[in-house]
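Every read-out reported here was derived from the displayed coordinates using simple, explicitly stated rules and does not represent laboratory data. Computed from a predicted model, the values in this text were never measured in an experiment. Here the Cβ is made from the backbone with ideal geometry for all residues, glycine too, and neighbour counts use every protein chain on show.
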There are 2 protein chains.
Amino acid sequence: MPKKAQPSVPSGPASAPAPATSTAPALSRRRLLGAASAAGATGLALGGTTGALAHAATSDAPPTALSSVGTGRVAFRGTHQCGITTPLQAHGRLVAFDLAPTAGRAEAAALLRRWSDAAERLMDAVGTDSPADGPASGIALDAGPCSLTVTFGFGRSLFARTGLTDRMPDALRPLPRFTADALDPDRSDGDLWVQIGADDPLVTLHALRVLRAEAGEAARPRWEMAGFNRTPGATARPMTPRNLMGQVDGTNNPRPADDDFADRIFVPRGGEPDWMAGGSYAVVRRIRMLLDDWDGTPLQEQEQVIGRRKSDGAPLSGGPDASEDTAVDLEARDSSGRPAIAADAHVRVAAPETNGGAAMLRRPFSYHDGLREDGAPDAGLLFVAWQADPLTGFVPVQRKLDSGDALSRFLRHEASGLFAVPGGPATGEYVGQRLLEG
Amino acid sequence: MPKKAQPSVPSGPASAPAPATSTAPALSRRRLLGAASAAGATGLALGGTTGALAHAATSDAPPTALSSVGTGRVAFRGTHQCGITTPLQAHGRLVAFDLAPTAGRAEAAALLRRWSDAAERLMDAVGTDSPADGPASGIALDAGPCSLTVTFGFGRSLFARTGLTDRMPDALRPLPRFTADALDPDRSDGDLWVQIGADDPLVTLHALRVLRAEAGEAARPRWEMAGFNRTPGATARPMTPRNLMGQVDGTNNPRPADDDFADRIFVPRGGEPDWMAGGSYAVVRRIRMLLDDWDGTPLQEQEQVIGRRKSDGAPLSGGPDASEDTAVDLEARDSSGRPAIAADAHVRVAAPETNGGAAMLRRPFSYHDGLREDGAPDAGLLFVAWQADPLTGFVPVQRKLDSGDALSRFLRHEASGLFAVPGGPATGEYVGQRLLEG
């Protein structure tokens, strides 16, 4: 799989620079940017791996030192917010807040300013946050930033609450109902959404505690979810992550090196509405997996459901010599003349070719919250998908999956949110300022 | 803090060899054992850190490679079970099972044999577990063992279920009720207890799924809890872990190098009952922390509650130059003549000197399961404490803490279990064979 380790992969369209990931301060600025570009591209080419791992794969130097896990640092400011093209971290916390009944646009603006200040400070040096500094309880003391990212989004309900319905994006129209949905409203939607990611769980929790304290009386948490991915260094080389079904997940993600990457993922400068320039839309779904049913399904049947081999993610259309990077051939037939990729296989139903080119950047975390009352595992995927417009991303894909995907009988969509994630803040700006003070 | 990084720390009493932690197969057997001994000792000297970090601290070689996180491997067989003196891993799953109503001694014996076989196989090479091999769904494919440990314990209720009440240890008598207890019986106790630890969350979950499948109809999960510690490499050097109050936690843990370590932690050969030789007793408590109250408490008051500085864990009796390793001086007075360590400070009330020498090896995981219905975080400590007898370990300490500890007003004990953890299995044996077939 040579393209996974190519240091020459460009960092993406010039119009869409990813926030830098660094292992500062040990590296020179130049080395740092080089590593950041390669890491960003590789991470996405893999459908997301941890920054440190991606970095290791793009270096001729000796094996990456363990200590680079802590020193990974992502820039808060830039054309886009962090946490979208940032290589996927090992821990994530997704939280929605609702504004207090008495709060309006002024309170929302002040909150976003406080949150932006806090996020920038934490992402730069979370471990030096003084325990005397107000709300911080010191749980991240001694730790490096661990590639912490904090990403802020706005739900549809925010606009009425702040008197800004005339500036609400069309793209925030409610998602259609899908037949597989069994959504819990208490764990769906929300005025404000915060995505926290880092390679250390105490770092994500420290950020969560600080942001919650900064919310003060202006907003209260509506729901909160925790997820994870592989620990940096758990595999011998960078790998596309596996989900809790054991399936390699993310192989076909758009890559920053793709010509149309920015067009698919980010709202262009001059797009509608103007305050969303450089922004993206996040579809968040809590998708429970019926793991007992899945684990009881024979391997060959599991592979037919997906259309890929379990062991390495190679498409079933590619024969025994195929690898994960082999292109899916939807026309291929097996030795008995049947389609190698079944009519209802997940990769066929989800393929851009069968969806008018619809694409999104999936950047999920797995979750496993113990046992449900029925004794089954409360486990699955905190699905987070990024796109310039859900109508050319999540919606058409999910519509097709909803009606014809063999995988859907093993899945339950239990919560859903759609959030407008503004572009990254310029120096002196806070996230969303162009909306809230525009 | 020189003693933290001394490679010359012995591996503990000869009578109590810790299971080996290795980064095999890259290292020679000799190098491997040296690293294992030092890592084990250092991990405990720190009150537990990850194996990989402890290893890094004891080596003259260049910084530990990130890939050593995955290759960490712990031995399943030995004098003691793994997961007691093993350096604390980044992820943990605690699960209790109850035998099926129709199951008795024969079914319990068969289950422990299946579980022991599975645990040994997983700890050796979890990532090569074939997805075609029955229950495994392949979520750990590609991963190294990541220092996986699986530890089995027996609850009091098992003995009646298996007709073995005459062989039940006195040490398994029910714990006394403490005034701070608000225990949920559905999340307490259980016939069988399994502690799973590893540096990767998908590895712990794979082990959990396999063990659950191996239980078949013989036992069903009673409760399940998930916890975490720092990710390997999140701090620049090995550190005593912090809990979710931000406090350095574990400084005063017994250390394998202590002369009385084995006496305090393990049942001796020739002890009672005979089948517990080399075993230990695990007290498991789910201790919720009232983090909103704690975070609202001024730093200086937090430090008085504990008796140590938040920043570095130094005792308040030691003055500004003290470090974490400075001995607590319970007699010291501050400049105004008051005790430097308050009468109700946690370190005073918990100190062995004030408890007739009672001691236990604490090896906890933090947990943070989102929001409770009252809006407070459902977060705290999955407290796991190891001792040769709870009556000279947890019980006297908790009795004192219960009545006089300033920290107790920030804690709620919500679940409790006490489990007899037999010695490690010899070649060909399964865990508990000396009880179940003795």
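So between B:THR102 and B:ARG333, what do we pick up on full extension, going 0.36 nm a residue minus the alpha carbon distance?
Between B:THR102 and B:ARG333, full extension yields an extra 76.9 nm.
For labels at A:ASP117 and B:ASP117 in the simple 7 Å Cα→Cβ model, what's the distance in nm?
According to this spin-label approximation, the distance is 6.3 nm.
Return the distance in nm (one decimal) between the two label points of a simple spin-label model at A:ALA426 and B:ARG409, each offset 7 Å from Cα along Cα→Cβ.
Those two pseudo-labels are separated by 5.2 nm.
Loop-only GluC sites (Glu not before Pro) in segment B:341-420, please: DSSP not H, G, I, E or B, and at most 12 other Cβ atoms within 10 Å.
B:GLU373
Using the 7 Å Cα-to-Cβ label point, sort the distances from B:SER323 to its equivalents in the other copies shortest first and give them in nm to one decimal.
Copy-to-copy label distances for B:SER323: 4.8 nm.
How many angstrom separate the Cα center of segment A:93-122 from the Cα center of segment B:143-204?
A separation of 43 Å, based on Cα centres.
Which of A:THR392, A:THR102, A:THR128, A:THR235 comes first, and how do the rest follow, when ranked by fewest Cβ neighbours within 10 Å?
A:THR102, A:THR128, A:THR392, A:THR235
What's the FRET efficiency of B:ARG173 with B:GLU437 using the Cβ-Cβ distance as r and R₀ = 25 Å, to the nearest 0.05? Walk me through the intermediate numbers first.
Values: r = 25 Å, r/R0 = 0.99.
According to the calculation, E is roughly 0.50.
Quote the FRET efficiency, to the nearest 0.05, computed for B:ALA110 versus A:THR297 with a Förster distance R0 of 35 Å and r equal to the Cβ-Cβ distance.
According to the calculation, E is roughly 0.85.
What is the average number of partner chain Cβ atoms found within 10 Å of a Cβ in B:361-373? Can you show the working numbers first?
Working: counts 0, 0, 0, 0, 0, 4, 2, 9, 4, 9, 8, 0, 0.
Partner-chain Cβ atoms within 10 Å, mean over residues of B:361-373: 3.
Which whole-number percent gives the relative contact order of segment A:85-201, counting Cα pairs below 8 Å spaced six or more residues apart?
After rounding, I find 45 percent.
What distance in nm separates the two pseudo spin-label positions at A:ASP374 and B:THR128, each 7 Å out from Cα along the beta-carbon direction?
Using points 7 Å along Cα→Cβ, the separation is 3.8 nm.
So what are the ³J(HN,Hα) numbers for segment B:319-324, from phi and the Karplus equation (6.51, -1.76, 1.60; θ = phi - 60°), rounded to whole Hz, Gly and Pro as x?
So the J values, rounded to whole Hz, are x, x, 8, 5, 10, 4.
Tell me the relative contact order for segment B:252-353 as a rounded percent, counting alpha carbon contacts under 8 Å between residues six or more apart.
It comes to 15 percent, rounded to a whole number.
Would you mind ranking A:ILE84, A:ILE265 by Cβ crowding within 10 Å, fewest neighbours first?
A:ILE84, A:ILE265
For segment B:91-240, rounded, prolate or oblate, judged on the Cα gyration tensor with a ≥ b ≥ c (square roots of eigenvalues), a/c < 1.5 rounded, else prolate if a/b > b/c?
Working: a/c = 2.31, a/b = 1.27, b/c = 1.81.
Oblate, because a/c is 1.5 or more while a/b does not exceed b/c.
Given H placed on each backbone N at 1.01 Å, which residues far from B:SER280 in sequence or on other chains put an amide H within less than 5 Å of it?
B:VAL267, B:VAL421
Please list, in chain and number order, the residues 5+ apart from B:GLY72 or on another chain whose amide H is under 5 Å from its amide H, with Hs placed from the backbone.
Those qualifying (amide H under 5 Å, at least 5 residues apart or on another chain) are B:CYS146, B:SER147.
May I ask you to evaluate 6.51 cos²θ - 1.76 cosθ + 1.60, the Karplus curve with θ = phi - 60°, for each residue of segment B:204-214 and list the ³J(HN,Hα) values in order in whole Hz, giving x for glycine and proline?
Each residue of segment B:204-214 in turn: 4, 5, 4, 4, 4, 5, 5, 5, 5, 5, 5 Hz.
Using only atoms on other chains, find how many Cβ atoms lie within 10 Å of each Cβ of peptide A:206-212 and report the average.
That works out to 3 on average.
Taking B:ARG177 in one copy and the same position in all the others, each labelled 7 Å out along Cα→Cβ, what are the pairwise distances from the first, in nm, shortest first?
Label point to label point, same position, other copies: 4.9 nm.
Ranking A:SER311, A:SER68 by Cβ neighbours within 10 Å, fewest first, what do you get?
A:SER311, A:SER68
Shortest first and in nm with one decimal, please list how far the A:ASP374 label point sits from its counterparts in the other copies (point 7 Å along Cα→Cβ).
3.1
Evaluate the charge dipole of segment A:188-311 about its Cα centre and quote only its size in Debye, nearest 20, assuming +1 on the Cβ of each Lys and Arg and -1 on the Cβ of each Asp and Glu.
360 debye
Shielding by partners for B:193-204, please: the mean number of other protein chain Cβ atoms within 10 Å of each residue's Cβ. Could you put the intermediate results ahead of the total?
Working: counts 0, 0, 0, 0, 0, 2, 4, 9, 13, 13, 3, 1.
What the average comes to for B:193-204 is 4.
Can you work out ³J(HN,Hα) from phi for every residue in segment B:99-116, in order, using Karplus 6.51 cos²θ - 1.76 cosθ + 1.60 and θ = phi - 60°, giving whole Hz and x for Gly and Pro?
4, 5, x, 8, 8, x, 4, 5, 5, 5, 5, 5, 5, 5, 5, 4, 4, 5
Normalising by the residue count of segment A:327-438, find the relative contact order in percent from Cα pairs under 8 Å and 6+ residues apart.
Once normalised by length, the contact order is 21 percent.
For segment B:177-243, what class follows from the C-alpha gyration tensor (a ≥ b ≥ c being the square roots of its eigenvalues): rounded when a/c is under 1.5, otherwise prolate if a/b is larger than b/c, else oblate? Numbers along the way, then the final one.
Values: a/c = 3.83, a/b = 1.26, b/c = 3.04.
In terms of gyration-tensor shape, oblate.
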